[in-house]
Amino acid sequence: MEMRLAGIVKESVVDGPGIRMTVFFQGCPHHCPECHNPETHDFNGGTIFCSADILAELAKRPLLKGLTLSGGEPLSQPAAAACLAKGAVAMGKDVMVYSGFVWEDILDMAAKDPAVAELLQYTHILMDGPYKKTQRNLDLFFRGSTNQRAIDVPKSLAAQKPVLYDFYFPAD
């Protein structure tokens with residue numbers, strides 16, 4: 001499946017727990033002031049990539065803990081994001097997704113778009129919410145502002161409410 005990306009970091013320790021491959025989707029509707037990745041906002045920017053090539057590169061790196069989908073906004077290309085997440089999970093990797101949308105809105109999106117619902121089924125951790133400069137905190141794990149939540153997606157789907165992910169004592 002083709003997707004428009006801003007780039008890929010093949011080994012990252014700042015985009016989620018453990019060593020991860022991070023895929024930066026191109027295009028973002030949020031335009032958060034002082035965004036960390038403003039070059040990803042333009043939906044016409046970036047480069048076209050093929051999911052098979054990305055997953056092949058992930059497979060070459062057995063020491064990676066997981067795959068992080070960032071951006072831009074991964075939910076702007078939900079079918080492509082779901083394809084990558086499904087492939088990563090099939091390899092035994094965990095999946096973390098960064099989104100400027102909040103959990104409650106993502107659930108509404110999933111009810112209307114099967115690709116968003118599928119992405120959630122293969123996501124372990126969701127970092128939700130836009131970056132807010134007024135709530136900036138450099139002491140947070142893997143996020144920039146206090147409004148953003150690290151959500152344990154499997155537990156949240158089961159509980160039908162957001163359950164926060166604990167980076168100190170992560171779920172098995």
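Give me the percent of DSSP beta bridges within the chain that run antiparallel, rounded to the nearest 5. Please list the in-between numbers first.
Values: 15 of 27 bridges.
Among the beta bridges of the chain, antiparallel pairing accounts for roughly 55 percent.
Based on the Kirkwood radius over alpha-carbon pairs, what is the Stokes-Einstein translational diffusion coefficient of the chain at 4 °C with 1.567 mPa s viscosity, in µm²/s? Walk me through the numbers on the way to the answer.
Working: Rh = 15.9 Å.
Using the Kirkwood radius from Cα pairs, D works out to 82 µm²/s.
Starting at the first residue of the range 25-36, write each ³J(HN,Hα) from the Karplus equation 6.51 cos²θ - 1.76 cosθ + 1.60 with θ = phi - 60°, in whole Hz, x for Gly and Pro.
Per-residue couplings from phi come out as 6, 9, x, 8, x, 7, 6, 4, x, 6, 3, 5 Hz.
For Lys10, list the lysines whose Cα falls under 22 Å from its own Cα; do not include residues on the same chain fewer than 8 positions away.
Lys60, Lys65, Lys86, Lys93
Keeping every protein chain present and rolling a 1.4 Å probe, give me the accessible area per residue for the chain in Å². Provide the component values of the computation, followed by the final result.
Details: 8740 Å² over 172 residues.
Value returned for the chain: 51 Å² of accessible area per residue.
For a Förster distance of 45 Å, can you work out the FRET efficiency between the beta-carbons of Tyr168 and Ile48, rounded to the nearest 0.05?
Working: r = 39 Å, r/R0 = 0.87.
Between Tyr168 and Ile48 the formula returns 0.70.
Work from the charge dipole of the chain (Cβ charges, +1 for Lys and Arg, -1 for Asp and Glu, about the Cα centre) and give the residue of His30, Phe43, Gln135 farthest towards its positive end.
Selected residue: Gln135.
Once label points are set 7 Å from the Cα along Cα→Cβ at both Thr134 and Ala59, what is their separation, rounded to one decimal in nm?
Distance between label points: 4.9 nm.
In whole Å, largest first, what are the principal axis extents of the Cα atoms in the range 82-159?
37, 28, 22
Please list, ordered by chain and number, the residues whose modelled amide H lies under 5 Å from the amide H of Phe25; skip anything fewer than 5 residues away on the same chain.
HN-HN under 5 Å from Phe25: Ala6, Ser70, Gly71.
The values are calculated or read from the model by the stated rules, or taken from the named source; none is laboratory data. Everything numeric in this text was worked out from a predicted model, so none of it was measured. Heads up, the Cβs are rebuilt from the backbone with ideal geometry, glycines too, and the neighbour counts pull from every protein chain shown. SASA here: full protein model, heavy atoms, side chains in, ligands and nucleic acids out. Shrake-Rupley method; radii C 1.70, N 1.55, O 1.52, S 1.80 Å.
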